[in-house]
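One structure below.
The values are calculated or read from the model by the stated rules, or taken from the named source; none is laboratory data. Computed from a predicted structure; not experimentally measured. All Cβ positions, even for glycine, are placed from backbone atoms using ideal geometry, and neighbour counts span all protein chains on display. Side chains are part of the model used for accessible areas, which takes the heavy atoms of the whole protein and leaves out ligands, DNA and RNA. Shrake-Rupley method; radii C 1.70, N 1.55, O 1.52, S 1.80 Å.
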Amino acid sequence: MTAPLIDLLRADLAAANYSVTALTGLWGIEADAALHRNQRVPALRALATLRATLTVPEPNVVLAQLFVLGLPVESADLDAALPSLGVDGAERLGLVTAHPQEPTPDAGPAQVAPLVDLRPYSFVDAHGAGSWWITSDLGELALGHPLGENHVLGVGGASLTLSALMIPTSVDSALDLGTGCGIQALHASRHATRVVATDISERALELAALNARLNGVENIEFRLGSLFDPVAGERFDQIISNPPFVITPRVEGVPSYEYRDGGLVGDALVEAVVRGAAEHLTPGGVAQLLGNWEYHDDDAFDRLTGWLEGPAETALDAWIIEREVQPPTGYAETWIRDGGTRPDTPDFDRLYGAWLDDFEARGVRQVGFGYMLLRRPTDGRRRAAAPARPRLVRLERLPEALGHNPAGIGHHLAECLAAHDWQTGLDDDALSRSTLTVASDVTEERHFWPGQEDPTLMALHQGGGFGRSVPLDTAQAALIGACDGELPVGAIIDAIAQLLDADAAALRAELLPRVRALLDDGFLAPPAA
């Protein structure tokens, strides 16, 4: 039974203050940045300097060298760093193994080597600041060679992106499809009563379960299986997935990594997740995932729209945002390096050729990457007697930098969806009778020619969210400037029409669609419920 051992590990890590702040304090900001570039020499130099000033081993120095830098430490030092668990307990948990040494008289004290990467992780989300310890497989830096095909990835760029996108609204049930080390399931556990985490990899589920226990999270259930097989017949209020979306040639000699390669040709794995989401969401439930999609001779968005087709009563709402597009060459280079194969080697050139052959044979011109938000219709929208809201199908390209979202962008997504639902439920007359407010992160920019009183250019800028900018004309600027929650939109437009000597009805017809768009994008907020 490993649970008691994991509890001892938790107590030792807490007592050592094994944290992001503590590790950064050991080696400094510059060495920390170098580690993110997969370079450990600056951190090693800092630890060597620190060790020379210590009279006894510092637990965090030992733990950092072993579990972050991936280097052996003396068994006695690890016993001291983990006094409750000890080396024996760490070996039983599969964290370390005896380090082989030359059998010579001057071989030195016994050492242990790491079998896993175990590092602190800190974050801020809508529920506040938090921190965990996350266990994953050793990376390329510690291994000294390319990753194995069953590698379990730790917290990386994609997982950070998805956790920031996660809508933090409280729900009863959540599904983390393809959990990996369990990081998304842990995040979902902060707002979901229960979480089911699935993966095709037994190793991933073992590490994810260890991470949940290590961090005292008890509302996650782990299940083995592919895609939606482990949850057949079940529905969830929220589905989160960082699926193995990488498009990899399905030919002999090209590694297929479980954490990133789904085993299907092209972008078919992402399509399978999208198509399967409808029957596993509760009414009003939301699915959020990352994905790649191929461009052939047509626009990829046409293909994505086809993935959303289904029975009218369950056709999903969709908000898909493309953040990046790569040519086949850039895409191949990125993911070959990701697997640990270094450029300017025969293996790299061989894999590069296989990737380009595959793209050429299938007519792939580019590969897009982005975020997908899907929502199942509510019961009300499915009832024939109820007024039908227009289905949300929003596909857009936003390659620019995001706004400032210190707690993640999920809250912004939730607000935009709520504002969209509110405004689509109103006709123009009802919208005109409503009072709106400008979002707190919105600023207005005006440019003037020297000596002129009237601006030549006006724009709204969004400080958070997607950092959007919207050009303004005089009437729209005046309308937004007056949206303080006091006057109805229609009354403001009528007043502007008088000032501009314009036809009020025509001005309403011009401005109300813009008002709806500003609500959808989070520039304007509806009345508080």
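In this structure, does Thr49 turn out to be polar (S, T, N, Q), in a helix (DSSP H, G or I) and touching a residue at least 24 places away in the same chain (Cβ under 8 Å)?
Answer is no for this residue.
Taking segment 322-357 as the search range and keeping residues that are among the charged types (D, E, K, R) and either in contact with a His (Cβ under 9 Å, 6 or more places away or on another chain) or under 21 Å from Phe245 (Cβ atoms) (or both), which one is least open to solvent (accessible area, probe 1.4 Å)?
Going through the qualifying residues, I end up with Glu322.
Go through segment 317-415 and tell me which helices (runs of 4 or more DSSP H), entirely inside it, have 3 or more residues that are at pLDDT 90 or above.
Per the criteria, 328-338, 346-361.
Name the residue, out of Pro255, Pro283, that is in contact with a Gly (Cβ under 9 Å, 6 or more places away or on another chain), open to solvent by 20 Å² or more (accessible area, probe 1.4 Å) and in a strand (DSSP E or B).
Pro283
What pairs come up if the first residue lies in segment 111-123 and is closer than 18 Å to Gly86 by Cα, the second is in a strand (DSSP E or B) and acidic (Asp, Glu), and their beta carbons are under 6 Å apart, counting only those six or more places apart or on different chains?
Once the first residue is closer than 18 Å to Gly86 by Cα and sits in segment 111-123, its partners that are in a strand (DSSP E or B) and acidic (Asp, Glu) give Gln111/Glu74.
Pairs needed: first member in segment 503-521, at pLDDT below 95; second member anywhere, in a helix (DSSP H, G or I) and loosely packed, with under 14 Cβ neighbours inside 10 Å; C-beta distance under 9 Å; at least 6 residues apart or different chains.
Close Cβ pairs satisfying both conditions: Ala504/Gln498.
I want to confirm something. Restricting to segment 459-489 and keeping residues that are in contact with a Ser or Thr (Cβ under 8 Å, 6 or more places away or on another chain) and in contact (Cβ under 8 Å) with a residue 60 or more places away in the chain, which single residue is most open to solvent (accessible area, probe 1.4 Å)?
Out of the qualifying residues, it is Gly463.
Looking at Thr443, Thr456, which is the one that is without any contact (Cβ under 8 Å) to a residue 40 or more places away in the chain, surrounded by fewer than 18 Cβ atoms within 10 Å (Cβ to Cβ) and either under 21 Å from Glu400 (Cα atoms) or under 38 Å from the mean Cα position of the chain (by Cα) (or both)?
Matching residue, one of Thr443, Thr456: Thr443.
Restricting the first residue to segment 1-20 and requiring it to be closer than 19 Å to Asp88 by Cα and at pLDDT below 95, which pairs with a second residue that is of a type outside the set (Lys, Arg) and assigned to a helix (DSSP H, G or I) meet a Cβ separation below 8 Å and a spacing of at least six or different chains?
What qualifies is Thr2/Leu210.
Mind checking whether some residue in segment 222-236 is surrounded by 14 or more Cβ atoms within 10 Å (Cβ to Cβ), touching a residue at least 12 places away in the same chain (Cβ under 8 Å) and of a type in the set (Asp, Glu)?
no
Test Leu436 against the criterion of being aliphatic (A, V, I, L, M) and either open to solvent by 20 Å² or more (accessible area, probe 1.4 Å) or more than 25 Å from the chain's Cα centre (by Cα) (or both), and give yes or no.
So Leu436 passes the test.
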